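Visitor: Below you'll find the structure I mean.
The values are calculated or read from the model by the stated rules, or taken from the named source; none is laboratory data. All values derive from a computational prediction rather than experimental measurement. With ideal geometry, Cβ positions are generated from the backbone for all residues, glycine too; neighbour counts draw on all protein chains shown.
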Ligand SMILES: Nc1nc2c(ncn2[C@@H]2O[C@H](COP(=O)(O)OP(=O)(O)OP(=O)(O)O)[C@@H](O)[C@H]2O)c(=O)[nH]1
């Protein structure tokens, strides 16, 4: 009690939670005494300390050491237990969940390493020795490091982002950005060509038109429309997938002769998903088969309420080929844009979207963008994805130089060091240095994401391998090679019938997956039916109570490979009469399994040849009125035993198998005839006459233990 009180006092004095249990008992006291000596806390004179004094001193040491540990907690502490295996980094107070991550295993594996004592992944392992034991069970070694702090994990974010959306008052009118979509062959390209040629070429600038991914059409009124020169779904979805939803209006081209087709519906669906208003261009009205009314009706049927039929969607009948009603179409677009009240903020750093990029033989890496915010100028420093540019030149679709490009306008940018991709967001940054840092950051992020994906793929591969392996085993079990693992309280099918072949139920526990797999693979080669080999359960980790129970139910044997068996478990096993066989060499374990199988096999009868005699001639004796044939023989090898079994063989065929009624040497009845001795043999069958040359084999039948013919290959 005095000790207990002393400990409690210590507890309050030192302000720490001392486990009283820790300080009691002979071992504890020895340990404390050792600690004191190690830290040179008392000299020879002080060795006369009684236990309570020593406890006090030790507690001081304990506290000091703990403080030092806490200070060092971020430094790596090498720990080299003698076990072999991969070294894993762990830290003090690691949780089971964290350990599972470190070991790259699932939590159940970790529970097993701790003998299933814990069941909460947040449980912290405070005792390093316990942790060491568990890691040893996993076949690895450990190194204690400082807990990876969240701070270390945090990466400094050096990236560029778009500004928050501008207020309405900052917006200035801008041209609508239009994408042309529709069913194949309904005239999208022809329409874009017509718009570009009629409007761009015929404009005051003149010049040669070229495909630049986006172009501007200016109406006589001065209003402009920017067309994305990449018709079709692919471009639209590529832009959307990269987060660049730059289209304001979709022009849905529907051929008046064909009407609504599959891709027309697809285009409608995509426009709806992007919440982009639709304007219909009913094309090919010049075609003799054109039926505008039918086309409009079809559009209504798929949910496009055209104006002519009382809806609010403008449908302009055009001929892209004959360039009919193109002005009407662009005016309708301007009207739609006005309804949308499209506006852009021309101030501040530039934000734009890449529509297309290419390498030009003379101009280098060029890309077409549509400006979304700010005003793009020569000399601007831009980043797009992992590409950067100092704008060397800005050009329009007819290669005219542009001094500045406000929101809603397209332009070609020269000066890229790398090629940006369609859909990339272009952002202006302050300096080339910053641009380089951003690119570096983004590249690092990309690399990290790639590694994570690769890691995930590797993990999936491993899991897939494990799954396949388990499926293979399940299949074998179903085929009857292995017995199914019992689930829950289901009563096991214990082999009680004496008619069937004997069986050996086994439970295999191994230190690591690799050895377990190797053992199971060898067991898998067993395919004899004279004794069934039933794999009742297997797993990685030590032998548990559960294993004992299962072994008891099945009357099986537990094989523990390279794993410890706790004394308690050993005692329980003894009580339950469950054999636990510990091995650390696979072939020895398999030899043991063989022995167990042999022990279960019923003994078998074997024949042993004692000797052989040859008939030299037959003579007869008279018994009463009967003449009895006698084989006059010579024992050629071994010996003949009177009470044994005799087989008479003539020309390779057994003509008699049975016992003798008399065996004589000269005139006397004998029990044994040795080799090279002549004798007269009388058999039970009195009607069989002997011939010279008949072979007589003397056999003794014996019952011997049976052995399995299983050859595991080593
Ligand atoms: N009669 C008539 N034919 C047209 C008109 N517009 C396009 N065509 C013809 O329709 C065919 C297809 O035209 P495209 O412009 O290539 O059609 P598209 O929708 O771009 O086709 P994809 O690019 O394959 O999806 C061509 O032979 C054009 O000449 C039109 O207004 N009238």
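Every residue, every condition in (1) surrounded by fewer than 16 Cβ atoms within 10 Å (Cβ to Cβ); (2) modelled with pLDDT of 95 or more; (3) in a strand (DSSP E or B), yes or no:
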site	(1), (2), (3)
243	yes, no, no
250	no, no, yes
258	no, no, no
266	yes, no, no
286	yes, yes, no
296	no, yes, no
300	no, yes, no
316	no, yes, yes
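Visitor: May I pose another question? Collect the residues in the range 185-229 that are outside any helix (DSSP H, G or I), modelled with pLDDT of 80 or more, surrounded by fewer than 20 Cβ atoms within 10 Å (Cβ to Cβ) and within 16 Å of the ligand (Cβ to nearest atom), keeping them in residue-number order.
Guide: 185
Visitor: Still on this structure, please answer the following. Please determine whether any residue of the range 680-687 is surrounded by 17 or more Cβ atoms within 10 Å (Cβ to Cβ) and closer than 21 Å to residue 606 by Cβ.
Guide: No, every residue in the range 680-687 fails to be surrounded by 17 or more Cβ atoms within 10 Å (Cβ to Cβ) and closer than 21 Å to residue 606 by Cβ.
Visitor: Tell me, which strands (runs of 3 or more DSSP E) wholly within the range 605-714 include 3 or more residues that are touching a residue at least 40 places away in the same chain (Cβ under 8 Å)?
Guide: Output list reads 626-641, 645-650, 678-683, 695-704.
Visitor: To continue, here is another question. Are there any pairs, at least 6 apart or on different chains, whose C-beta atoms fall under 9 Å, with the first in the range 181-194 and under 18 Å from residue 217 (Cβ atoms) and in contact (Cβ under 8 Å) with a residue 40 or more places away in the chain and the second within 6 Å of the ligand (Cβ to nearest atom) and assigned to a helix (DSSP H, G or I), and if so, which?
Guide: 181/188
Visitor: Among (1) over 42 Å from the mean Cα position of the chain (by Cα); (2) farther than 22 Å from residue 227 by Cα; (3) without any contact (Cβ under 8 Å) to a residue 40 or more places away in the chain, which single condition is residue 380 missing?
Guide: Here residue 380 clears every test but (3).
Visitor: Give the range 326-351 a look and list any residue that's in contact (Cβ under 8 Å) with a residue 12 or more places away in the chain and outside any helix (DSSP H, G or I), or say none.
Guide: Those that are in contact (Cβ under 8 Å) with a residue 12 or more places away in the chain and outside any helix (DSSP H, G or I): 342, 343, 344, 345, 346, 347, 348, 349, 350, 351.
Visitor: Something else now. In the list 181, 142, which residue meets the criterion of being in contact with a helix residue (DSSP H, G or I) (Cβ under 8 Å, 6 or more places away or on another chain), at pLDDT 85 or above, part of a strand (DSSP E or B) and closer than 30 Å to residue 275 by Cβ?
Guide: Selected residue: 181, the only one of 181, 142 that is in contact with a helix residue (DSSP H, G or I) (Cβ under 8 Å, 6 or more places away or on another chain), at pLDDT 85 or above, part of a strand (DSSP E or B) and closer than 30 Å to residue 275 by Cβ.
Visitor: Is it the case that residue 235 is modelled with pLDDT of 85 or more, within 46 Å of the chain's Cα centre (by Cα) and either more than 16 Å from the ligand (Cβ to nearest atom) or surrounded by fewer than 22 Cβ atoms within 10 Å (Cβ to Cβ) (or both)?
Guide: No.
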